[in-house]
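Asker: Before anything else, here's the structure in question.
The values are calculated or read from the model by the stated rules, or taken from the named source; none is laboratory data. Keep in mind that what you see is a predicted model, and the values were worked out from it rather than measured. We place every Cβ from the backbone using ideal geometry, glycine too, and count neighbours over all the protein chains shown.
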Amino acid sequence: MIKQSVKVVNSTGLHARPAATLAKIVKKYDATLTLVNNGKEVPIKGMMSILGAGVKGNSMIDLICDGQDELAFMTELKSAFAAGFGEAC
């Protein structure tokens, strides 16, 4: 299990476009992802669970990856968050 804090650089948070991009990343890996936002742990299965986490822009969240390919998964997640999921932040 790997736990990492990341900043959500998107000013509007994890709305539909970044949530869709994050959901695509999640589907590529066997490891599970849990997002911790304001102390609330949300298991991420797809786009609806991401939107349901209510992540605001410019906030800090924790990501927990657990599974066989967790290292590669976390590496891709950190890159995606740092790049703002391809949006102009």
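Asker: Which condition breaks for Thr34 when tested against (1) touching a residue at least 12 places away in the same chain (Cβ under 8 Å); (2) assigned to a strand (DSSP E or B); (3) exposed (fewer than 14 other Cβ atoms within 10 Å of the Cβ)?
Answerer: In the conditions (1) touching a residue at least 12 places away in the same chain (Cβ under 8 Å); (2) assigned to a strand (DSSP E or B); (3) exposed (fewer than 14 other Cβ atoms within 10 Å of the Cβ), Thr34 misses (3) alone.
Asker: Could you tell me which of the residues Ala80, Ala23, Ala72 is among the small types (Gly, Ala, Ser), closer than 16 Å to Gln4 by Cβ, buried (at least 16 other Cβ atoms within 10 Å of the Cβ) and at pLDDT 95 or above? Step through it out loud before you land on a result.
Answerer: On the way: Ala23 fails: closer than 16 Å to Gln4 by Cβ; Ala72 fails: buried (at least 16 other Cβ atoms within 10 Å of the Cβ).
Among Ala80, Ala23, Ala72, only Ala80 is among the small types (Gly, Ala, Ser), closer than 16 Å to Gln4 by Cβ, buried (at least 16 other Cβ atoms within 10 Å of the Cβ) and at pLDDT 95 or above.
Asker: Could you check Pro43 against (1) loosely packed, with under 12 Cβ neighbours inside 10 Å; (2) over 11 Å from the mean Cα position of the chain (by Cα) and say which number it fails?
Answerer: Just one mismatch for Pro43, condition (2).
Asker: Restricting attention to the range 42-69, report how many residues are part of a helix (DSSP H, G or I), farther than 20 Å from Lys3 by Cβ and touching a residue at least 12 places away in the same chain (Cβ under 8 Å).
Answerer: Count: 2.
Asker: The conditions are (1) out of contact with any Lys or Arg (no Cβ under 7 Å at 6 or more places or on another chain); (2) surrounded by 13 or more Cβ atoms within 10 Å (Cβ to Cβ); (3) at pLDDT 95 or above, and Val6 fails exactly one of them. Which is it?
Answerer: The number of the failed condition is (1).
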